[in-house]
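Asker: This is the structure I want to talk about, given as structure tokens.
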Amino acid sequence: MNTLPDFTTQLAELIAIPSMSSSTDPLWDVGNRAVIEHLATWLADIGFTITIVDVPGEPTKANLVAQLGQGSDGLVLAGHTDTVPAGDSGWHSDPFTLTERNGCLHGLGTTDMKGFFPVAIAAAHEAIAAKALKKPLTIVATADEESSMSGIRALVAAGIPKARFAVVGEPTNLKPVRMHKGMMMESLQLTGQSGHSSNPALGRNSIDAMADCLDALKIFRDRLRASHKHPGFAVPHASMNFGAIHGGQNPNKICSHCQLDFDIRPLPGMPLDTLRRQLQHVIAPEAARYGVDAVIHSLFPGVPAFETAADAELVQLAEQLTGHTAISAGFATEAPFLQQLGMETIVMGPGNIDCAHQPNEFLELAQIPSAIQQLQALIRQFCL
């Protein structure tokens, strides 16, 4: 068995490899395959069996499934290898050079979430030394979590990995998270007929239609708020936000096209497909009344809401290990997709989400030993 670089060197090498993903600007979408191959080399050297799963249609993007031991039970430690774009200002040091200052490791992806992989590798050493695991340990690394989640979707389509339990190592300050809301981003596009504004009968004004569609959507939003509540969330109801609206070209021209982009944050138990059908039902009569064509399309496939029961075995053990009652998160993760593969799942990892997605992202050095110890305890319970 080869000797790996130490923790800090591992993280420095991962940070040095750009793996930004972006669904809006191809210049920032650089792929993650180099990170996957780097991790695969390390894990193969210490005894893991390596499977690389390509993301369909994306030659620069891939997922890694690395398994130690045999079988389809056991524990998955999962994380994403892509980061948000670095941006071009605000960093006090090179975002691709790991920099230590004031007890923190700074760099793009340190906390969200390349830092989780050296933690998982360090935690795996006890299982590696055991040589004969009763149940397998699997480390999963994915692509595109920060944009389309196409990486984890490819794994779901392939039906891998197989395990009983999964930990998604997103930054939670080492507190177990057992639920989060889902995320939908939708675009309503209305198409009418342009004409001279001196005679409104010459056209079908999509701005007029959009005004009434907005009223109908606000009524629908109020219905969601009243009928779907969950006390476990800081915002205890489903929410809808109207984020952008565009339409028209000139004051003296009847507007033929108007577009509204909005998001919905559904609670657990609110399927995305059901919400999309409800939206169509809400909009259809308003569009018909104005004689405009109405199309609602998804800006990305969406992330389902996630919840693992408070009395689930994994939740109970994580609470015992950390001394914290499991909480909810305000951000979406890959957890619901691992649930779809049949795994009891929590989200728990080092780092603070509040410093993610901004310059000078950091991982506190003080959290690293505890993060390793938590994962070691889970590996002992579910693999050894």
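Asker: Taking the stated definitions as given, is His125 surrounded by fewer than 21 Cβ atoms within 10 Å (Cβ to Cβ), more than 18 Å from Pro18 (Cα to Cα) and not basic (Lys, Arg)?
Answerer: Taking the combined requirement at face value, the residue satisfies it.
Asker: Run down Leu4, Leu27, Leu14, Leu43 and say which single residue is at pLDDT below 95 and assigned to a helix (DSSP H, G or I).
Answerer: Leu27
Asker: If you don't mind, there's one more thing I want to ask. Which residue out of Val168, Val119, Val140, Val156 is surrounded by fewer than 24 Cβ atoms within 10 Å (Cβ to Cβ) and either at pLDDT 95 or above or outside the structural domain of Ala238 (by TED's automatic domain parsing) (or both)?
Answerer: Val156
Asker: Continuing with the same structure: Can you list the helices (runs of 4 or more DSSP H) lying wholly within the range 268-384 that have 1 or more residues being among the acidic types (Asp, Glu) and under 22 Å from the mean Cα position of the chain (by Cα)?
Answerer: Here the list reads 272-290.
Asker: From the list Thr51, Thr60, which residue is under 30 Å from Ala132 (Cα atoms), in the same structural domain as Ala132 (by TED's automatic domain parsing) and either of a type in the set (Ser, Thr, Tyr) or within 20 Å of the chain's Cα centre (by Cα) (or both)?
Answerer: Every option except Thr51 fails the conditions.
Conditions tested, residue by residue: (1) among the charged types (D, E, K, R); (2) farther than 14 Å from Asp261 by Cα; (3) modelled with pLDDT of 95 or more.
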{"position": "Gly192", "(1), (2), (3)": "no, yes, yes"}
{"position": "Ser198", "(1), (2), (3)": "no, yes, yes"}
{"position": "Ser206", "(1), (2), (3)": "no, yes, yes"}
{"position": "Asp212", "(1), (2), (3)": "yes, yes, yes"}
{"position": "Gly243", "(1), (2), (3)": "no, no, yes"}
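Asker: Another one. Among the residues of the range 314-327, is there at least one that is free of Cβ contacts under 8 Å to residues at least 60 places away in the same chain, surrounded by fewer than 17 Cβ atoms within 10 Å (Cβ to Cβ), over 29 Å from Ala122 (Cβ atoms) and assigned by TED's automatic domain parsing to the domain that holds Val76?
Answerer: Checked the range 314-327: no residue is free of Cβ contacts under 8 Å to residues at least 60 places away in the same chain, surrounded by fewer than 17 Cβ atoms within 10 Å (Cβ to Cβ), over 29 Å from Ala122 (Cβ atoms) and assigned by TED's automatic domain parsing to the domain that holds Val76.
Asker: Mind listing whichever residues of the range 55-69 are free of Cβ contacts under 8 Å to residues at least 60 places away in the same chain and at negative phi?
Answerer: Scanning the range 55-69 gives Pro59, Thr60.
Asker: Here is a check on your reading of the model: is Gly47 of a type in the set (Gly, Ala, Ser) and out of contact with any Asp or Glu (no Cβ under 9 Å at 6 or more places or on another chain)?
Answerer: Considered against the rule, which asks whether it is of a type in the set (Gly, Ala, Ser) and out of contact with any Asp or Glu (no Cβ under 9 Å at 6 or more places or on another chain), Gly47 comes out as yes.
Asker: On the given criteria, is Ala234 closer than 18 Å to Gly330 by Cα and of a type in the set (A, V, I, L, M)?
Answerer: yes
Asker: Now a separate question. Return the pairs, sorted by first residue and then second, in which the second residue is modelled with pLDDT under 95 and surrounded by fewer than 20 Cβ atoms within 10 Å (Cβ to Cβ), the first residue lies in the range 26-54 and is within 24 Å of Glu126 (Cα to Cα) and of a type in the set (Gly, Ala, Ser), the beta carbons are less than 7 Å apart, and the residues are 6+ apart or on different chains.
Answerer: Note: pairs meeting the criteria are Gly47/Met1; Gly47/Ile128.
Asker: Then there is this: If Ala294 satisfies all but one of (1) crowded, with 17+ Cβ neighbours inside 10 Å; (2) in the same structural domain as Leu77 (by TED's automatic domain parsing), what's the number of the condition it fails?
Answerer: (2)
Asker: Any residue at all in the range 276-284 that's crowded, with 16+ Cβ neighbours inside 10 Å and closer than 21 Å to Ser148 by Cα?
Answerer: So far as the range 276-284 goes, yes, one or more of its residues are crowded, with 16+ Cβ neighbours inside 10 Å and closer than 21 Å to Ser148 by Cα.
The values are calculated or read from the model by the stated rules, or taken from the named source; none is laboratory data. Keep in mind the model is a prediction, meaning the values are calculated, not measured. Note that each Cβ is placed from the backbone with ideal geometry, even for glycine, and that neighbours are counted across all protein chains shown.
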